[in-house]
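Written out below as structure tokens is the structure these notes cover.
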């Protein structure tokens with residue numbers, strides 16, 4: 001019986017990964033369509049009905065391209081860092097809190113923080129191992145940015161953890177049955193949203209890929225499969241950040257279409273921000289993290305600690 005349970009969990013995880021990959025594929029299509037309409041033009045609309053097969057044709061095109069690698073690169077690190085990045089991004093998806101058949105564990109938030117911290121190393125290694133100055137610069141920028149915003153992300157999370165006194169993501173739905181946390185901690189929700197934009201290297205914080213000064217950042221030397229894996233890792237982390245925002249602030253997990261609509265809305269917000277805002281200045285990004293979000297999240301943490309003690 002125990003072996004059968006393990007098999008069922010494995011099959012469930014496999015279905016989840018396939019679902020995430022299809023979701024990522026269509027998130028890229030959504031992004032191109034939405035950006036098209038924001039810029040008053042059509043997005044992809046030729047491949048299949050209204051461009052619905054575009055992500056698959058792009059994937060086939062990218063995977064069948066020639067795999068190049070720089071002569072002076074550190075080949076093993078260069079080759080495996082996108083793979084590791086992709087595996088880490090898929091591992092985090094184990095946390096999606098289904099009531100049945102999947103891995104549900106009590107230290108979910110700690111697992112999330114550990115995996116995102118490891119993601120920094122893959123970016124750093126892929127920038128360094130390419131042996132290109134622009135890739136190294138992009139990698140260093142991305143690492144500095146990600147490390148800075150992880151601190152504020154963890155502290156913002158701490159306020160929500162203090163409210164529910166548990167690391168299990170399933171508990172959020174229990175504590176939000178009457179009122180969503182976004183109403184209790186609206187400023188923190190906004191801080192979390194912009195921190196997750198910075199964490200996933202998205203506009204207006206896409207300094208790792210600043211085209212005007214860095215060509216394409218840490219992934220400039222990658223082609224074919226390596227580029228696809230970096231791309232997939234970035235977009236799956238966008239989807240996961242949307243999931244986490246929905247879990248923590250928008251009512252937690254419930255098995256309804258409404259939950260997935262909320263998740264899609266937050267993902268759409270990522271795209272909308274990209275179509276609307278210009279790139280921020282790099283030193284201002286760092287000041288924003290250390291001089292704005294850090295004090296705000298610490299003050300809110302103290303406030304919610306007092307709030308919790310008062311309630312008890």
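Coordinate-derived values only; no laboratory data. Treat the numbers as computed from the prediction; the structure is a model and nothing was measured. Cβ placement follows ideal geometry from the backbone for every residue including glycine, while neighbour counts extend to all protein chains displayed.
For the chain, the longest principal axis of the Cα atoms and the long axis of helix 133-164 meet at an angle of about 20 degrees. Full extension of the chain between residue 7 and residue 180 yields a length gain of 58.7 nm, computed as 0.36 nm times the residue separation minus the alpha carbon distance. Summarising the label geometry, the points placed 7 Å from Cα in the beta-carbon direction at residue 305 and residue 190 lie 2.5 nm from one another. So how tilted is helix 75-91 from the main axis of the chain? Cα-based, degrees 0 to 90, rounded to 10. Its long axis makes an angle of about 30 degrees. When a/c reaches 1.5 or more, the comparison of a/b and b/c decides; with that in mind, is segment 1-115 rounded, prolate or oblate per its Cα gyration tensor? Here segment 1-115 falls in the oblate category. Between 0 and 90 degrees, the angle of helix 257-276 with respect to the longest Cα principal axis of the chain falls at about 50 degrees.
Between residue 35 and residue 99, full extension at 0.36 nm per residue minus the direct alpha carbon distance yields a gain of 19.4 nm.
Our helix-only sum for the chain, with -39,500 (n - 2.57) per DSSP H run of n ≥ 4 divided by its residues, gives a mean residue ellipticity at 222 nm of -23000 deg cm²/dmol. By the beta-carbon count within 10 Å of each Cβ, the least crowded to most crowded order of 260, 293, fewest first, is 260, 293. Its relative contact order, with pairs defined as Cα atoms under 8 Å and 6+ residues apart, puts the chain at 24 percent. Once the Cβ-Cβ distance of residue 223 and residue 57 is raised to the sixth power relative to R0 = 25 Å, the FRET efficiency obtained is 0.90. Here 103, 18 are placed in order of increasing Cβ neighbour count within 10 Å, fewest first, which gives 18, 103. Computed from the Cα positions only, the extents of segment 67-180 along the three principal axes stand at 59, 32, 18 Å, in decreasing order. As a proxy for reagent exposure, 206, 283 were ordered by neighbouring Cβ count within 10 angstrom, fewest first; the result is 283, 206. Under the classification rounded if a/c is under 1.5, otherwise prolate if a/b is larger than b/c and oblate if not, where does segment 10-54 fall, given a ≥ b ≥ c as square roots of the Cα gyration tensor eigenvalues? In terms of gyration-tensor shape, oblate. Summary of the geometry: segment 187-254 and segment 73-128, compared by the centres of their Cα atoms, lie 14 Å apart.
Above 24 angstrom, tally the Cα pairs of segment 106-237 and express them as a % of all pairs, no decimals. Looking at segment 106-237, the distances longer than 24 Å represent 37 percent of pairs.
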